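Novice: Here it is, the structure, as structure tokens.
The values are calculated or read from the model by the stated rules, or taken from the named source; none is laboratory data. None of the values given here were measured: they were computed from a predicted structure. Glycine also receives a Cβ, built like all others from the backbone with ideal geometry; neighbour counts cover every protein chain displayed.
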Amino acid sequence: MQRRDKGFSLLEVLVAFAIMGMALTLIYRVMGGSARHVGAIDAQERAVLLAASLLEAQRSVPPRGLASRAQADGYAWQIESRPYPTPLNSSPNAARLHEVRVTVAWSDGDAPRSYTLTSLRPEFVPPAQVRR
């Protein structure tokens, strides 16, 4: 009669631990990647909101245009404008348009990131210069 031992051999236990270690490593990487991704999305969302609010603050553009830069809370932004050519620009009573570009830059770890928002805004005409 042969005697059969019940239970696991040392080799089976080592293989089970190796498989469990690989599975736990994979789960750790997936969870860590998700946390980093959430942080990156949060930083980008803040940049988009900052760009939108800076653009919204510029309802009209002075005749000389816009050019400014600033930095706060890890974000640097730049606002620029340039005249936007339209067929109506030849008419003296036509509204002049400017292309306003807001660029927000930030750092995501070692990687530089930026977001640019562009829109058209009318040129501000002082009330004394408005022709009736």
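Novice: In segment 40-85, how many are assigned to a helix (DSSP H, G or I) and in contact with a strand residue (DSSP E or B) (Cβ under 8 Å, 6 or more places away or on another chain)? It would help to see each step written out before you state the result.
Specialist: So the first thing to find is which residues in segment 40-85 are assigned to a helix (DSSP H, G or I), and the list is 40-56.
Checking which are in contact with a strand residue (DSSP E or B) (Cβ under 8 Å, 6 or more places away or on another chain) leaves us with 40, 43-44, 46-48, 50-52, 54-55.
Number satisfying all stated conditions: 11.
Novice: Still on this model: Please find, within segment 27-68, the residue that is surrounded by the most Cβ atoms within 10 Å (Cβ to Cβ) out of those that are more than 17 Å from D108 (Cα to Cα) and among the hydroxyl-bearing types (S, T, Y).
Specialist: So the residue we want is S60.
Novice: Go through segment 32-78 and count every residue that is hydrophobic (A, V, I, L, M, F, W, C) and without any contact (Cβ under 8 Å) to a residue 40 or more places away in the chain. Can you show your working first?
Specialist: Our first condition is that a residue be hydrophobic (A, V, I, L, M, F, W, C); within segment 32-78, this holds for 35, 38, 40-41, 43, 47-52, 54-55, 57, 61, 66-67, 70, 72, 76-77.
Retained after the next criterion (residues that are without any contact (Cβ under 8 Å) to a residue 40 or more places away in the chain): 35, 38, 41, 49, 57, 66-67, 70, 72, 76-77.
Of the residues in segment 32-78, 11 are hydrophobic (A, V, I, L, M, F, W, C) and without any contact (Cβ under 8 Å) to a residue 40 or more places away in the chain.
Novice: Another question, then. Within the group P85, P127, P122, which residue is modelled with pLDDT under 80 and not hydroxyl-bearing (S, T, Y)? Show your work before the answer.
Specialist: Details: P85 fails: modelled with pLDDT under 80; P122 fails: modelled with pLDDT under 80.
Exactly one of P85, P127, P122 is modelled with pLDDT under 80 and not hydroxyl-bearing (S, T, Y), namely P127.
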